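As structure tokens, the structure follows; a few thoughts come after it.
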Amino acid sequence: MPLYEHVFLARQDLSQAQVDALAANATQIVETNAGKVTKTETWGLKNIAYKIKRNRKAHYVMLNIEAPAGVVAELERQTAINEDVIRFLTIRVDELEEGPSVQMRKQDRERRGRREREMD
């Protein structure tokens, strides 16, 4: 079965609970169409390089998906309709990354560095 990484950016004014609901909705779309979401990562509220639909920040969420192409097409169609999602990108990959993604490892390094500086 093909493997995909689906990343979407949600509006900055949404609460974390609303962002989690968007991720759950995307997971439901995949699973009702005979696909499987193997991992969901919420990267948090981050600055974006330029304004998108009057937003300077966005909530980033990544889903690892095992599904046929038709399922991904349906997910993208419904994501495009949702006005809380300002951008999305789905990429087909050869294999899904095990463990935390690069973005999550970067956040952990930054937290550890901040903690060490505060202790000094």
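Pairing each residue of segment 36-51 that is among the aliphatic types (A, V, I, L, M) with any residue that is surrounded by 15 or more Cβ atoms within 10 Å (Cβ to Cβ) and not in a strand (DSSP E or B), provided the two are 6+ apart or on different chains, yields C-beta distances under 8 Å for Val37/Ala26; Val37/Thr27; Val37/Val30; Leu45/Gln12.
If you filter segment 66-90 down to residues that are in a strand (DSSP E or B) and touching a Lys or Arg at 6+ places or on another chain (Cβ under 7 Å), you find that the one that is surrounded by the most Cβ atoms within 10 Å (Cβ to Cβ) is Ile86. Taken over segment 31-65, the criterion of being touching a strand residue (DSSP E or B) at 6+ places or on another chain (Cβ under 7 Å), part of a loop (DSSP other than H, G, I, E, B) and basic (Lys, Arg) is satisfied by Lys53 alone. Taking segment 1-30 as the range and being in a loop (DSSP other than H, G, I, E, B) and either among the hydroxyl-bearing types (Ser, Thr, Tyr) or under 19 Å from Ala73 (Cβ atoms) (or both) as the test, the residues that pass are Met1, Pro2, Ser15. Apart from one condition, Ser101 fits all of (1) of a type in the set (S, T, N, Q); (2) in contact with a Lys or Arg (Cβ under 7 Å, 6 or more places away or on another chain); (3) at pLDDT below 90; the exception is (2).
The set of residues in segment 47-65 being loosely packed, with under 10 Cβ neighbours inside 10 Å and hydrophobic (A, V, I, L, M, F, W, C) consists of Ala49 alone.
Take the conditions (1) at pLDDT below 90; (2) over 17 Å from Met1 (Cβ atoms); (3) touching a Lys or Arg at 6+ places or on another chain (Cβ under 8 Å); Lys57 misses just one of them, which is (1).
The values are calculated or read from the model by the stated rules, or taken from the named source; none is laboratory data. Just so you know, these numbers come straight off a predicted model, no measurement behind them. Here Cβ is always computed from backbone atoms with ideal geometry, including for glycine, and neighbour counts include all displayed protein chains.
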